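What follows is calculated from the coordinates using simple rules that are stated; it is not laboratory data. Values in this document were obtained by computation on a predicted structure and should not be read as measured data. Backbone-built Cβ (ideal geometry, glycine too); neighbour counts: all protein chains shown.
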Amino acid sequence: MRNKVRKQKFHIIGSGIAGLACAKFIRQKHKSAEIVVYEAAARPGGRCYSYYDKVLDHQLDSGTHVSLGVNKSINRLIDKKKFIYRISFYDSIRGKIARSISRFKSHLLVSIFNTPGHEVARSLIKTVFWKLFPFTMFQKKIYYSHNDLSQRLIIPLLNYVSQIKYGWKLLKVEDKGGHVTRLIFNNNRSVEIGARDVVISALDAHNYCKIFGGEDFDYEDIINIHYRTSVKLTLPENKKMLGISNGMAHWIFINKDIVSATISAAGNLHIDKDELAREVWKEICHIRGVAAAFIPPYRVLRHRKVTLKMDWANNNKRPESATTKFDNLFIAGDWTYKDFPCCMEGAVLSAKRAAKLCTKKF
Ligand SMILES: Cc1cc2nc3c(=O)[nH]c(=O)nc-3n(C[C@H](O)[C@H](O)[C@H](O)COP(=O)(O)OP(=O)(O)OC[C@H]3O[C@@H](n4cnc5c(N)ncnc54)[C@H](O)[C@@H]3O)c2cc1C
């Protein structure tokens, strides 16, 4: 009797947008491939997710994620129907909405790189300038999930995965002659890797360095504050989203009875959560031209170490490609896509690159 040929398997570590997009790109090449995703957490999405918040009794996007219209790769994956806005800035000094957004490039830089503008690597600014040009000049289109990020982006991607194993935390790998032969997980579990099998690490930078070695990076924080109002609020000119110049918050979003504020590059902002919520609420009321008589229920989410600090030293430490010292291990993840901001678009681009390489080679 002939031996049954073992089916080639793709093992993806991490179910963030990079890991799941990678599954999609592999599936497009190999319709019947077995694609298994191992995820340490109990849910998919990594840093990209929405959740039901008990305090506000509402669905929230943990990070109020937005994607610029020029980000073609991520935008192709988003269910865009209700997603779209045009970007505008509120000029706090003049007390009105600015007609042009080109004056707010430094504000856009902090938001795009999650790093104080003066610290961003020049090479990165150059790359992004050309990409942003059509955006700042003409298009100004932005996609925002309306607090439904998991449903609109993450859950549909699970269709490309054969199996996803939650609570499986990779601890280390074993190899033979530069070929990964076994994945070792928590709870004494391990998975054998066949000669034709491929492993893709779609881990975040910190966990990748812990498992595979290498010097760790410096990171930046983001703070989101969500307020639940008793009535629907409006912003000037009925805008649903505003960039704020010279404010504490960089962006404000209105989504029915939820008002959300985002503060980027917040690593050095050491203010008590309640005080921060009060100050930002005052800013929102000021923009709306009303008195901040009382503050509605709120939730302050401080996301620590969420993206690499995009200065020269950190950008320089990023890998040059998706290949590694192991012939069957490839890497994806926002941080692996050098000379590009750590964002959803970078994560998808890195996934496309890793999928292309590993399907070509194996
Ligand atoms: C608050 C906040 C706001 C943001 N705003 C924006 C925005 O407006 N626009 C934008 O484009 N981007 C934004 N980002 C960045 C964006 O979320 C990330 O760039 C993107 O989600 C990165 O995806 P990833 O798949 O590379 O990494 P991750 O999402 O970090 O995925 C890594 C996955 O690996 C898993 N994992 C870790 N260790 C292990 C292990 N040992 N074993 C198994 N699994 C493991 C993790 O649980 C996680 O699911 C924001 C991020 C945050 C946190």
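Here are some notes:
- Computed over the range 127-199, Cα set: Rg, Dmax in Å: 20.4, 55
- Estimated FRET transfer efficiency (Lys29, Asn187; beta-carbon r; R0 35 Å; 0.05): 0.60
- Chain lengthening between Glu275 and Ile125 when straightened (0.36 nm per residue, less Cα-Cα): 50.6 nm
- With the charge dipole of the chain set up from +1 on Lys and Arg Cβ and -1 on Asp and Glu Cβ about the Cα centre, the Cα lying farthest toward the positive end among the listed residues Gly63, Ile87, Ala261 is that of Ile87.
- All aspartates and glutamates inside 14 Å of Lys105 as judged from Cα atoms, apart from same-chain residues fewer than 8 positions distant: Asp91
- Within the same chain, aspartates and glutamates fewer than 8 places from Lys7 are excluded, and of the rest, those with a Cα less than 20 Å from its Cα are Glu34, Glu192, Asp197, Asp327.
- Taking all Cα pairs closer than 8 Å and separated by 6 or more residues, the relative contact order of the chain comes to 25 percent.
- Among the lysines of the range 210-278, pairs at least eight places apart or on separate chains and with Cα atoms under 16 Å apart come to 4.
- Each Lys and Arg contributes +1 and each Asp and Glu -1, all at the Cβ; summed about the Cα centre of the chain, the dipole is approximately 1580 debye.
- For the listed peptides 241-254, 260-273, 312-325, a ranking on the average number of other beta carbons within 10 Å per residue, highest first, reads 241-254, 260-273, 312-325.
- Each 10 Å bin from 0 upward holds the following percent of the Cα-Cα pairs of the range 46-120: 14, 34, 37, 15.
- log₁₀ of I(q)/I(0) at q = 0.13, 0.18 Å⁻¹ - the range 242-362, Debye sum with one point per alpha carbon: -0.69, -0.96
- Rh by Kirkwood over Cα pairs, then Stokes-Einstein D for the chain at 1.306 mPa s and 10 °C, µm²/s: 74
- Kirkwood hydrodynamic radius computed over the range 102-223 comes to 18.8 Å, based on all pairs of distinct alpha carbons.
- Once the Cα-Cα distance is subtracted from the 0.36 nm per residue extended length, the Lys256 to Leu301 segment shows a gain of 14.2 nm.
- Distance cut-off 14 Å, percentage of C-alpha pairs in the range 267-335 lying past it: 73
- Sites Arg94 and Tyr52, calculated FRET efficiency, Cβ-Cβ separation with R0 35 Å, nearest 0.05: 0.35
- When only the Cβ of Lys, Arg, Asp and Glu is charged (+1, +1, -1, -1), the dipole of the range 22-119 relative to its Cα centre reaches about 620 debye.
- Alpha-carbon radius of gyration plus Dmax, which is the widest Cα pair, for the range 10-141 in Å: 18.5, 59
- Signed unit charges on C-beta, dipole axis of the range 239-362, positive-most listed residue Ala277, Ile295, Cys358: Cys358
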